[in-house]
Amino acid sequence: MPIVFHEKSREFHLYNRDISYIIKILPNNQLGNLYFGKAINDRSSFSHLFQKKARPLSAYVFEDDPSFSLQYTMQEYPSYGSTDFRYPAFEIKQENGSRISCFEYRGHEIFAGKRTLKGLPATYVEEAHEADTLEITLYDDLMQTELILSYTIFNDYAAIARSARFINKGEKTIVLERAMSASIDFIDSNFEMMQLSGAWARERHIKTRKLQQGIQGIYSTRGASSAEHNPFIALKRPNTDENCGEVYGFSLIYSGNHLEQVEVDTHNMTRVIIGIHPDTFQWPLDKGEDFQTPEAILVYSDCGLNKMSQTFHKLFGRRLVRGQWRDKSRPVLVNSWEATNMDFTEEKILSMAETAKELGIELFVLDDGWFGNRDNDNAGLGDWDIINIKKLPNGIKGLADKIEALGMKFGLWIEPEAINKDSNLYRKHPDWIISTPGRRTSATRNEFVLDFSRKEVVDYIYSVLEELLSSAKISYIKWDMNRYITECYSLGMDARDQGKVFHRYILGVYDLYSRLIERFPHILFESCSSGGARFDPGMLYYAPQTWTSDNTDAIERLMIQYGTSLVYPISSIGAHVSEVPNQQVGRITPLETRANIAYFGAFGYELDITLLSEEEKEKIKEQVAFFKAHRDLLLKGVFYRILSPFDGNEASWIVVSEDKTEAIAGYYRILCSANEGWKRLKLVGLDEGKKYMINNSRRNYYGDELMNVGIVLEDKDLCQNGADFSSAVFYIKSI
Ligand code: GLA
């Protein structure tokens, strides 16, 4: 059992091969933290790590012990105002206006396995022995409210899953003003904080800064996890790189407003809090009601960023993603968006599908424009029950049948949370959008947001989509959401409950997803939000892959995919080869390079393949065959980053099979320059003692040579003989 409770010292030690996490019940019965990091041997007491000292101006808990102040104590789920003045994990407004609370230890339960979180995405186990869970119950006598802190430690992952639940057992209503998923304190602040930040078409760029005393953090108040800041941060030691050094990763399994905040106090202690953003949240709890926070995942690595990422990849890929598609090979697809936008006919779609079939592509995805009066983005959203028969005279069913008859699968785009004013649905239910009474409602791309915090709205959309998906052979759904939430207010809720709307909205999205995947388990869902504005672990629980970015330029994708790989499994990273000049940036890159980057993701094409030359079609045929031959290695192998595009002109990464008998490395050089020096590419992750051959050539090399000396790289090894935007993919096989 990797969770032990030492009764005498009143300490919990959660540990597995890689990590230790130690909690102590403090003298005032609140919870302290003693350590989180590399696994250490258990002992009956770690009390020496609980340090106390009387300090001038410090407020102390007990009048007779000036040495015990929460301000200088590492804690588990701290509150504000009772000797600790740092930002707290939670805050509850009580009937008398007070915000002071005192949750004391009441008991705990340790059990094998892990519970599900009602209505929320979360990691899971398939067998109870995969993980152990500690639930600590705390109680505030005055408020008569229970707080349950949950900690799951997985046997095979260097990760802890945490969440909190409040239950009002008293007569009086309380108001949760802040309920973070996790909070953890570190004894020092010698860290750099990494974040994945950006905007539309440049999502999840890696930004790093040294921690400073005070507050630093990232957040979203946009109603979605957002393209601006992904719900993830890492704290790494300054000398940590991809393969060496300590790093802690914090990821929130949630798709709505979030906050990841790091506070360094003036004694250089560091507090990380992660959870729903408190500024846009307020949750009254009446007698008997409870509130469950989303789950946060805490990962520790002592071998650099790659190991942290591999832990996230495995945990999320195997125990967050669910359903048939978790383990199935992902189909190679072609998507119509960049080829036709909304301007297509059935004939055009069929000719693209026929060509796709010849090239070996397995799935045709019809993007935006097939429904309602949808000829531009001004109209149609909401009318999922009206097929645009001007474009598709035989309906979705007719088209799907014809594509299936070609021996391909058929997929469809939807944007179920959005609505245009020019739609039948809006004309019928103008009060179904999120808008504040008496205020202007702002638009994005001519669209408005359906109020998914209201059950009747979600029920209606479910019924329409249920009918649509049962009406034709649809194997894949791309679920888009092309705006953020403004003027947040629900006509379905009382004034006192308006602080619930943002969270309720996301629960509505999760509910719709749950019902659809349960009803149509064979459908592969891809989530999307103007590209990657909702690429988060919450979505992965429902949709195994995400459209990473609307930016399909190969070179820009290096940065986007490199950053995304910090947390998200390669199988979740939708990546397509598109036309040149690229539609977002106008850059012309070789077809080989476009594929060499897209291979490291859920691979597909997004261009009018009927317009390609015979030579290009031949190349694509080879690319599709290459991906199919290696897709399980590419999507399920162990992924390592080698060279960062954020550091210079090159990028590289490699995927290695678990047994190290096979690997595929990608190398990318952005601009070429004249008369360059020699280049070697040092691989990682191979078996030092195994002999490998590269690209099926007769020459072979030991793993230790490939990792310590490197592959000799010459222009002739790169596509287009090393011209700008060149690249190479190396297939490495043990012999
Ligand atoms: C968003 C998506 C694109 C495409 C369009 C369709 O921008 O990210 O991939 O589906 O919507 O309108």
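Couple of notes before you dig in:
- Amide proton proximity set for ASP385, modelled H, under 5 Å, gap of 5+: none
- Contour minus Cα-Cα distance for ASN190 and LYS207 (0.36 nm per residue): 4.4 nm
- Coupling constants for the range 542-551 follow from the phi torsions by the Karplus curve (6.51 cos²θ - 1.76 cosθ + 1.60, θ = phi - 60°), and in residue order they are 10, 10, x, 9, 9, 6, 5, 6, 6, 7 Hz; glycine and proline get x.
- Too-long pairs where the Cα-Cα distance tops 18 Å, listed order kept, from LYS38/LYS207; LYS402/LYS619; LYS314/LYS636; LYS93/LYS500: LYS38/LYS207; LYS402/LYS619
- Integer Hz, Karplus 6.51/-1.76/1.60 couplings in order for the range 153-163, x for Gly and Pro: 10, 8, 5, 9, 10, 7, 9, 10, 9, 10, 7
- Alpha carbon convex hull of the chain, projected area averaged over orientations, nm²: 33.1
- Simple spin-label estimate for ALA495 and ASP632 in nanometres, 7 Å along Cα-Cβ: 6.2
- The ASP724 and ASP647 beta-carbon pair, evaluated with R₀ = 22 Å, returns a calculated FRET efficiency of approximately 0.75.
- Net charge of neighbours whose Cβ lies under 12 Å from the Cβ of ASN582, counting Lys and Arg as +1 and Asp and Glu as -1: -3
- Label-to-label distance, nm, for residues given as LYS287 and THR661 (7 Å Cα→Cβ offset): 6.6
- Listed peptides 224-230, 58-64 by packing density, highest first (mean Cβ within 10 Å): 224-230, 58-64
- Put a plus charge on the Cβ of each Lys and Arg, a minus charge on the Cβ of each Asp and Glu, and nothing anywhere else: the dipole of the chain about its Cα centre is then about 640 debye.
- In terms of accessible area, using a 1.4 Å probe and ignoring ligands and nucleic acids, THR266, THR133 rank largest first as THR266, THR133.
- Estimated [θ] at 222 nm from DSSP helical runs (n ≥ 4, -39500 (n - 2.57)) normalised by residues in the chain, nearest 500: -6000 deg cm²/dmol
- Each peptide in 452-458, 107-113, 390-396, 331-337 receives the mean, over its residues, of other Cβ atoms within 10 Å, and ordering these scores from highest gives 331-337, 452-458, 390-396, 107-113.
- Divided by 2.2 N^0.38 Å, where N counts the residues, the Cα radius of gyration of the range 3-319 comes to 0.95.
- Percent carbon-and-sulfur accessible area, the chain, ignoring ligands, DNA and RNA, probe 1.4 Å: 47
- R0 of 22 Å, Cβ-Cβ distance ASN394-ASP343: FRET efficiency to nearest 0.05: 0.75
- Placing a label point 7 Å from the Cα of ASP327 along the Cα-to-Cβ direction, the residues of the range 116-160 whose backbone N falls under 16 Å of that point are 124-128, 130.
- Database remark: amide H of SER726 closer than 5 angstrom to the amide H of ARG669 (H placed geometrically; neighbours at sequence offset of 5 or more, or on other chains; Pro and chain starts carry no H).
- Taking amide H as placed 1.01 Å from N in the peptide plane, the amide H of ILE477 sits under 5 Å from that of LEU412, LEU524, PHE525, GLU526, each at least 5 places away or on another chain.
- Per-peptide average of other Cβ atoms within 10 Å, ordering 207-215, 33-41 highest first: 33-41, 207-215
- Those aspartates and glutamates that a straight Cα-Cα span of less than 19 Å connects to LYS172, excepting residues fewer than 8 apart in one chain: GLU91, GLU95, ASP140, ASP141, GLU146, ASP286, GLU289, ASP290, ASP494, ASP497
- Loop-resident trypsin sites (Lys or Arg not before Pro) (DSSP state other than H, G, I, E or B) in the range 70-136 with no more than 11 further Cβ atoms inside 10 Å of their Cβ: LYS118.
- In this rough spin-label picture, where each label sits 7 Å from Cα along the Cβ direction, the ASN29-SER514 distance is 3.4 nm.
- Estimated FRET transfer efficiency (GLN144, VAL4; beta-carbon r; R0 22 Å; 0.05): 0.10
- Solvent exposure of the chain amounts to 37 Å² per residue of accessible area, where only protein heavy atoms count and the probe is 1.4 Å.
The values are calculated or read from the model by the stated rules, or taken from the named source; none is laboratory data. Because the structure is a prediction, the values reported are computed rather than measured. Virtual Cβ from ideal backbone geometry, glycine too; neighbours counted across all protein chains shown. The accessibility values were calculated without ligands, DNA or RNA, using every heavy atom of the protein model including side chains. Shrake-Rupley method; radii C 1.70, N 1.55, O 1.52, S 1.80 Å.
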